[in-house]
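Accompanying notes for the structure given below.
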Amino acid sequence: MTPDINFGFGLSKSSRINLDNADNEKFRELAAREPDILKCMACGSCAASCSAGNFTELNLRKIILMLTRGAEKETVRQLESCMFCGKCILVCPRGINTRHLIKSIREIYCRPCAEPETGNGI
Ligand code: SF4
Ligand code: SF4
């Protein structure tokens, strides 16, 4: 029997996505606004350096990957944990302005969570 070893990371559950049926309309809108997203090579440097990633599910690499597959429902809510600290910009080898990208993703995919706080519903 293999002993349980905590390596500090885990494997994602297997998933199956039918790309022929994927709805990529929002991703096309995002890519038109943020063409640098097409440069992402899914290296994971942003996720590894993320200030919120240690405490939440936030994983920008995974979010970008899922958006390219039209599967935003599973991941885009993770962006509510983003603190806009900008560490991910510093480490991205492709020079993507990830903070600006996150803002655009929130505006396009998560319009309610992108709206500014009005305070006490006023
Ligand atoms: S800006 Fe957001 S995604 Fe980037 S390192 Fe900071 S908390 Fe993480
Ligand atoms: S660091 Fe840049 S290239 Fe690497 S996964 Fe993040 S956004 Fe993509």
Checklist entry - Can you run phi through the Karplus equation (6.51, -1.76, 1.60; θ = phi - 60°) for the range 53-67 and list ³J(HN,Hα) in whole Hz, with x for Gly and Pro? => result x, 6, 10, 9, 7, 3, 8, 5, 4, 5, 4, 4, 4, 5, 5
Checklist outcome for this item: Computed for the chain: size of charge dipole around the Cα centre, +1 on C-beta of each Lys and Arg, -1 on C-beta of each Asp and Glu, debye to nearest 20, value 280 debye
Checklist entry - To the nearest 500 deg cm²/dmol, what mean residue ellipticity at 222 nm is calculated for the chain from DSSP H runs of n ≥ 4 alone, each contributing -39,500 (n - 2.57), summed and divided by the residues? => result -9500 deg cm²/dmol
Checklist entry - Sorting E25, E57 on the 10 Å Cβ count, fewest up front, what's the list? => result E25, E57
Checklist outcome for this item: Listed with the fewest Cβ neighbours within 10 Å leading, C88, C82 appear as C82, C88
Checklist outcome for this item: For C43, the net charge from surrounding residues (Cβ-Cβ under 10 Å; K, R +1; D, E -1) works out to +2
Item to check | Neighbour-count order for T56, T68, fewest beta carbons within 10 angstrom listed first | outcome: T56, T68
Checklist outcome for this item: In Å, the Kirkwood estimate of hydrodynamic radius for the range 25-113 over Cα pairs equals 12.8 Å
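Rule-based calculations on the coordinates, nothing more; no lab input. Since the model is a prediction, treat every value here as computed from it, not as a measurement. Counting neighbours? That spans all protein chains shown, and the Cβs are built from the backbone with ideal geometry, glycine included.
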